[in-house]
Every structure is written in C-alpha cells, then in structure tokens.
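Single-structure report; data block below.
The values are calculated or read from the model by the stated rules, or taken from the named source; none is laboratory data. The structure presented is a predicted model; accordingly, all values stated were derived computationally and were not measured. Backbone-built Cβ (ideal geometry, glycine too); neighbour counts: all protein chains shown. Remember, those area values only see protein heavy atoms, side chains included, never the ligands or the DNA or RNA. Shrake-Rupley method; radii C 1.70, N 1.55, O 1.52, S 1.80 Å.
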Amino acid sequence: RSRSDGSERMQLTYPPMEAAYPSISPDGSKVVFSNFGSETFIVGMDGGQPQRIVEKHSGSGDWSPDGNLLAVISWGDGAASERPNCYLQIYDVRTGKLSTVPGSQELAGAYWINQDTLVATNRAGTELMAFDFQSQKGNQLAVVNLTSWNLSLDRKYIYFTTGGAEPEARRLR
C-alpha cells in the first residue's frame, strides 16, 4: 500500500502468498483480498499477519458501507475455475461469524448497494439480482448478457457492459 503520490509504501503480504482482488475497507484501516481463488484474508493497512477469514474455495470480498460485513463468493469442493455450487457468504468482521446468504446458490459475485442490500449476478452472467436482508428476500433487477459490471462510488448506479452482436454499456439505478 502507499499514498496516491507513492509515498509511505509498505508491503502487506510476502511470498509465497500471492494476493489478488484487494478491496480497502470504508474507513481505510483494512484490506480484504484472496490468494487467487482459494482463501480470503484481511490485513491491516499498517501491516501485520493476514487473518484468514474463509479457509478454502472462496474469493475476495466486498465491504458493507459501515465496514462491519464482507460479502464473499464461495464454492463447494472443486477448482475455482469450475465453481461448483457457488454461493454468497457474509463474514461479520466484529464477531468472526460466517453465514450463507439464503437463496444465493449460483450467484457469482456481489456488491453492497446499502447496508441492507446486496446486488449480485448469477454465474452465467445473465441476471442481476438484489437481496434485501431486512425482508430476507431476493428479486431480479435485470435480465441481460453481462460481460462486466461494477457500482458507482456512491452506490446509486450499476454500470455494466453487455455481450453479443451489438454490445452496449448501460447504467441501472
């Protein structure tokens, strides 16, 4: 990690660990990352020993707006490239508890749009779904042919690109 001007550089992980898909917590004190699709870790921005939060078959996480929860993709036994039985889990940073999001089978990635709602795509990249933790229900937001997607910094919009014969860039509120 470093400041945007390159100063205060500090290495947070060391070989043989390989870090991928880092995401900084909202308060800037921690970073979550995976080691190329196998395990998920959190490390402090001031260094220290990375803490393993998901032991196997998982990817990096997305921080909730308050920084207390992480949405993590997990899959059953098998290689990451196969992603059998993929689903979403929530890691509570305060308690260390890991729980499965109900009805999240076949969801392959997620972002928090607010403290109570996750947006995710199915593994095939053909649907955008939302899960509301208050009602414990999910609903379909869009049926599309996604090639990539992300949230705006204010979490009010989903930006995505479509595939096919006439690819498009779209925005969904």
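General observations
- Taken over the range 133-173, the criterion of being open to solvent by 90 Å² or more (accessible area, probe 1.4 Å) and among the aromatic types (Phe, Trp, Tyr) is satisfied by Tyr159 alone.
Every residue, every condition in (1) of a type in the set (A, V, I, L, M, F, W, C); (2) over 28 Å from Gln115 (Cβ atoms); (3) touching a His at 6+ places or on another chain (Cβ under 6 Å), yes or no:
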| site | (1), (2), (3) |
| --- | --- |
| Glu18 | no, yes, no |
| Tyr21 | no, no, no |
| Gly28 | no, no, no |
| Val31 | yes, no, no |
| Met45 | yes, no, no |
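- Hits in the range 2-39 - residues which are without any contact (Cβ under 8 Å) to a residue 24 or more places away in the chain and open to solvent by less than 40 Å² (accessible area, probe 1.4 Å): Gly6, Gly28, Asn35, Glu39
- Scanning the range 43-69 for residues that are part of a strand (DSSP E or B) and surrounded by fewer than 19 Cβ atoms within 10 Å (Cβ to Cβ) yields Gly44, Gln51, Arg52.
- Every condition in (1) assigned to a loop (DSSP other than H, G, I, E, B); (2) in contact (Cβ under 8 Å) with a residue 24 or more places away in the chain; (3) in contact with a Gly (Cβ under 8 Å, 6 or more places away or on another chain) is met by Asn85 except one, and the failing one is (2).
- Yes/no for Tyr21 being assigned to a strand (DSSP E or B), among the aromatic types (Phe, Trp, Tyr) and on the phi > 0 side of the Ramachandran plot: yes
- Residue pairs whose Cβ atoms lie under 9 Å apart, sitting 6 or more positions apart in sequence or on different chains, and linking a residue in the range 130-159 that is more than 18 Å from Val101 (Cα to Cα) to a partner that is of a type in the set (Asp, Glu) and assigned to a strand (DSSP E or B), are Ala142/Glu127; Val143/Glu127; Val144/Glu127; Leu146/Glu127; Leu151/Asp62.
- A residue that is among the charged types (D, E, K, R) and modelled with pLDDT of 90 or more occurs somewhere in the range 108-117.
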